[in-house]
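The structure under discussion appears below in the form of structure tokens.
The values are calculated or read from the model by the stated rules, or taken from the named source; none is laboratory data. On a predicted model such as this, the values are computed, not experimentally measured, just so you know. Cβ placement follows ideal geometry from the backbone for every residue including glycine, while neighbour counts extend to all protein chains displayed. The area values use the complete protein model at the heavy-atom level, side chains included, leaving out ligands, DNA and RNA. Shrake-Rupley method; radii C 1.70, N 1.55, O 1.52, S 1.80 Å.
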There are 2 protein chains.
Amino acid sequence: MYKTKAYSAASATSSLASISIPRRDSTDRDVQIEILFCGVCHSDLHYARDEWHDVMPTVYPCVPGHEIVGRVTKTGSAVSKFKEGDLVGIGCLVDSDHTCPNCRAGLQQFCPNQVLTYGSPDKHRTAPVTYGGYSESIVVDESFVLRIPVNLSLAGAAPLLCAGITTYSPMRHWGVTKGKKVGVVGLGGLGHMGVKFAHAFGAHTVVFTTSPNKKEDALRLGADEVVVSRNADAMQKQAGSFDFILDCVAAEHDINAYINLLTRDGNITLVGAPEKPLPVSAFSLIMGRRSLSGSPIGGIPETQEMLDFCGQHNITADVEVIPIQKINEAYERMVRSDVKYRFSIDMASLKAE
Amino acid sequence: MYKTKAYSAASATSSLASISIPRRDSTDRDVQIEILFCGVCHSDLHYARDEWHDVMPTVYPCVPGHEIVGRVTKTGSAVSKFKEGDLVGIGCLVDSDHTCPNCRAGLQQFCPNQVLTYGSPDKHRTAPVTYGGYSESIVVDESFVLRIPVNLSLAGAAPLLCAGITTYSPMRHWGVTKGKKVGVVGLGGLGHMGVKFAHAFGAHTVVFTTSPNKKEDALRLGADEVVVSRNADAMQKQAGSFDFILDCVAAEHDINAYINLLTRDGNITLVGAPEKPLPVSAFSLIMGRRSLSGSPIGGIPETQEMLDFCGQHNITADVEVIPIQKINEAYERMVRSDVKYRFSIDMASLKAE
């Protein structure tokens, strides 16, 4: 065991502050990583504030962060895929049972025994629960370590590990390709990645937003059209025309307005998770054999595929780089959607502390 | 034009009673059919009572009935598929535009210009709207006429034209085959057909019902297991295990309880249409990449495929045969779900009137 600096919350109402946490000494299969950047995901805030208490009560102190980019500093004797100096990433998972049907299919995101990057019981007993990426270093089984294409900006690559794969995976799953018409609802951390991917896949990409002032930005990100969703006429013009819609809105909203925009056999996938159940009209689903689904992150093979795709197409998140000392302010701004489109923490700021 | 006897409602609050209605003289492409049996669908009642006023206001007098089995009495000069004496069926559609992408794909159920068997504007101007199967005879374009396998009971075959195809189509669409685990929610007119099809496809078939006294019947119809949905423990035991669930319940019910029974990538399809929106938990969909969809009837080619499948497997609906004079009583009993599992009108009773 060794000690490393981290930022943690001590309770649901505490600000995040610097502490020292233990990390395990590398086993044969482990990769030790110096963390260079860590994206700030809405989940980090939910977890730090114990807002998911009913499904996953937070254990304090908690160290959030699951959009990790860093450099390999050490590898265990059995590690074959990575060597010291490699640029690597860690997403939302650091382990799984490796044996269930989902793991065998490379779909670790559905493993019933998955180990989350933060807040899961720590199998290695280094700490009560796993600690995330708001820290100087991390030690992870090589099978959950991903390769970051060297041409990408590291600050912008970090959010690919959660926001990137969360939007990439459902588009691949539901067959978004050239010639399809794709909608992206909500232009935030997830939505702006959705637009970049839909555009890169060659789809005709339409952004739905409540904010007319986001139009220019949406077009810059790759949208072909922007629809202000409060405009009933503009919505009506799009009726029945979408093959796929990615719904990135976590706030309450009228899902039926979007279901009605789907063509026959069209699908709308939720990646934001509104707290309250969404009222869904059966009639809208029946009349076009439409479907409503959800999607979490992706599996490890697909996450690597996504990163490689980003390398080829030079796709990263649009980020505002902050020092770790600004994390509490960043949380407040994130709640107000006051960021274009993701905070990325420069972890050099923690080392210098 | 010629006159034929029919049963119709004169207003939303009238009982159905005998009248005389016009039918067009056959065109070159038409088939004239003597109606032998007509199934009684819940839609008939909704339409007769103008309960779908907002989407499709009823034009009176109205003649319901879209589960029609009969014998060809006359064919137009250009009719190639049928000849006098053939046993044929008519379902929910009697025409469409024949040219839209849906029609070209054989998916007439999604044609924006489809002509319903009853209640649609009558292109031939024989009457203000089309008149359905509660009548002695009907004249239909041959492309909407289906062949009934001669080995099937005609009374039991009639409901295949709506209840049959409505349950067959989504199971085919979502890949129900041998080795899959399939749930059927609600054991009524639709549900009992769903059980027969799931069983015939070789799936492990589980019926969900609120009525413990339906267990024996469900097993007789082909279910491998029966779960009383009010039993939380019994429901919990089925969690995460279904590839596909057919939800045949038109009343309000907890859809999330069933979404949670789906396995990864599982689908639940609504074929009953509850009036009020269903509250759907985004979390349940996201965690297993599950989907909720809807499905109406099927297209003409698939309806013929379903009828042929029924011929091969000797599948018909379980019906209670009634004379047309009992139709008002049958409606009252249908509202109370007091029928196992579909009424089928013997149209000889109308001829004799």
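Structure values in brief
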| quantity | calculated |
| --- | --- |
| Under 15 Å from the B:SER349 label point (7 Å along Cα→beta-carbon), backbone N, the range B:114-149 | B:134-136 |
| Rounded Å value of the spacing that divides the Cα centres of the range B:143-175 and the range A:37-61 | 52 |
| Efficiency of FRET from Cβ geometry, A:SER337 and A:ARG29, R₀ 30 Å, rounded to 0.05 | 0.15 |
| Solvent accessible area, Å² - B:SER20, 1.4 Å probe, full protein context | 70 |
| Viscosity 1.567 mPa s, 4 °C: Kirkwood-radius Stokes-Einstein D of the protein assembly as shown over Cα pairs, µm²/s | 47 |
| Whether the range B:172-290 is rounded, prolate or oblate, judged on the alpha carbon gyration tensor where a/c under 1.5 counts as rounded | rounded |
| Partner aspartates and glutamates for B:LYS74 [C-alpha distance under 19 Å; skip if fewer than 8 residues away on the same chain] | B:ASP25, B:ASP28, B:ASP30, B:GLU34, B:GLU84, B:ASP86, B:ASP95, B:GLU136, B:ASP141, B:GLU142 |
| 28 Å Cα-Cα threshold exceeded, pairs from A:LYS181/A:LYS215; A:LYS276/B:LYS340; B:LYS180/B:LYS215; B:LYS83/B:LYS340; A:LYS3/A:LYS196 | A:LYS276/B:LYS340; B:LYS83/B:LYS340; A:LYS3/A:LYS196 |
| Length gained when the stretch B:LYS81-B:ASP54 is fully extended (0.36 nm per residue, less Cα-Cα span) | 5.9 nm |
| Amide H contacts under 5 Å for B:ASP95, placed H, 5+ residues apart | B:VAL115 |
| DSSP-defined antiparallel bridges as percent of all bridges, the protein assembly as shown, nearest 5 | 60 |
| Spacing of the two label points (7 Å from each Cα toward its C-beta) at A:GLU329 and B:ALA105, in nm | 5.3 |
| Principal-axis tilt of helix B:300-313 within chain B, Cα atoms, nearest 10 degrees | 70 |
| Extreme residue, positive dipole direction of chain A, given options A:PRO61, A:PHE283, A:VAL31 (C-beta unit charges) | A:PHE283 |
| Chain pair A, B: total accessible area buried, heavy atoms, 1.4 Å probe, Å² | 2700 |
| Helical mean residue ellipticity (222 nm; -39500 (n - 2.57) per DSSP H run of 4+; nearest 500) of chain A | -6500 deg cm²/dmol |
| Probe 1.4 Å, all protein chains present, accessible-area order of B:ASP25, A:ASP141, B:ASP243, largest first | B:ASP25, B:ASP243, A:ASP141 |
| Most to least packed among B:6-12, A:79-85 [average Cβ atoms within 10 Å] | B:6-12, A:79-85 |
| Label zone at A:GLU275, where the point sits 7 Å out along the Cα-to-Cβ direction: the range A:38-62 residues whose backbone N lies under 12 Å | A:46, A:50-54 |
| Accessible area, probe 1.4 Å, largest first, for residues A:LYS340, A:LYS181 | A:LYS340, A:LYS181 |
| 7 Å along Cα→Cβ, label-point gaps from B:MET1 to other copies, nm, shortest first | 9.3 |
| Net charge dipole size for the range A:163-294 [Lys, Arg +1 and Asp, Glu -1 on Cβ; Debye, nearest 20] | 300 |
